[in-house]
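Below is one structure, written out as structure tokens; comments come after it.
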Amino acid sequence: MTKTLFARPLLLTFAALALFGCKESDAQESTIRKNLAARLPQLSKIDEVSKTPMPGLYEVRIDGTEIFYTDAKGDFLLNGSLLDTKTRRDLTHERTQKLTAIDFKALPLQDALVTTRGNGARKLAVFADPNCPYCHRFEADLAKVNNVTVYTFLLPILGEDSVTKSRNIWCAKDKTGTWANWMLKRVPPPAASCDTAALRRNVAFAEKHRITGTPAMVFSNGKRVPGAIPTAQIEKLLAESK
């Protein structure tokens with residue numbers, strides 16, 4: 001009985017401390033939101049305010065994935081990378097990668113060109129514009145990767161000719177062959193026509209997930225990588241995504 005009598009006050013004390021901590025955190029977040037909105041109108045719509053591992057420093061997230069840092073009163077604002085010197089980790093980069101990750105299972109694979117090499121065991125999605133020079137360079141490096149299934153989402157964002165080429169590729173009898181001939185050999189895709197709703201869905205998907213440039217890759221673990229990367233890096237990221 002003695003243990004029970006002592007346990008109840010202790011539990012109540014812990015609960016009170018937890019509640020105090022929550023209220024204090026809420027008050028700090030409210031102060032940060034209020035002061036930043038008043039002083040910087042562009043920060044009037046903050047998605048999230050959260051503590052960082054650095055004492056007294058708070059992460060301010062806006063527009064989905066844009067990250068700033070501030071103090072508990074919102075008196076100062078930092079734009080840059082937060083580095084953990086002990087572990088040599090870029091915490092800002094890690095946070096951004098987590099925020100921009102795309103669930104591979106959520107990709108509308110029915111709207112992609114499918115290229116299988118070797119056993120096709122590894123998976124990779126690529127958003128590409130047929131007129132993007134970096135996409136051409138990336139395709140040449142990607143062609144050296146074996147045992148992979150590549151889902152290519154045509155993303156015509158570089159003008160009307162990109163729309164035309166994407167339509168001709170998507171509507172071709174041999175979609176993947178036509179794509180490869182153009183990207184690797186510069187053989188123009190013959191004129192073709194069909195239902196191109198898939199291309200419109202690709203653009204809508206890219207806008208929703210803030211994919212604004214090509215090429216952009218999504219690996220099976222959800223990791224998103226922008227820009228053309230060499231074969232060795234593709235292999236490394238595929239290995240990490242298992």
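Couple of notes before you dig in:
- Shown here for segment 75-112: trypsin sites (Lys or Arg not before Pro) in loop regions (DSSP other than H, G, I, E, B) with at most 16 other Cβ atoms within 10 Å, namely Lys86, Arg88.
- Between the Cα long axis of helix 91-100 and the first principal axis of the chain there is an angle of about 60°, rounded to the nearest 10.
- Given Lys34/Lys105; Lys123/Lys185; Lys165/Lys236; Lys45/Lys105; Lys51/Lys105, the pairs whose alpha carbons are separated by over 27 Å: Lys34/Lys105; Lys165/Lys236; Lys45/Lys105; Lys51/Lys105
- Extension gain from Ala140 to Glu240, taking 0.36 nm per residue of separation minus the Cα-Cα distance: 33.8 nm
- Note on segment 60-172: the C-alpha convex hull projects to 11.0 nm² when averaged across all orientations.
- Expected 222 nm ellipticity per residue - DSSP helices of 4 or more, -39500 (n - 2.57), all of the chain, to 500: -13500 deg cm²/dmol
- Note that segment 229-241 has calculated 3J(HN,Hα) couplings of 10, x, 3, 4, 6, 4, 4, 4, 5, 5, 5, 6, 8 Hz, one per residue in order, obtained from phi through the Karplus relation 6.51 cos²θ - 1.76 cosθ + 1.60 (θ = phi - 60°); glycine and proline are x.
- Considering only segment 77-155, percent of DSSP beta bridges that pair antiparallel, nearest 5: 50 percent
- Applying 0.36 nm per residue to the separation of Ala27 and Arg186 and subtracting their alpha-carbon distance, the gain on full extension is 51.2 nm.
Every read-out reported here was derived from the displayed coordinates using simple, explicitly stated rules and does not represent laboratory data. Here the structure is a predicted model, which is why all the values come from computation and not from measurement. We place every Cβ from the backbone using ideal geometry, glycine too, and count neighbours over all the protein chains shown.
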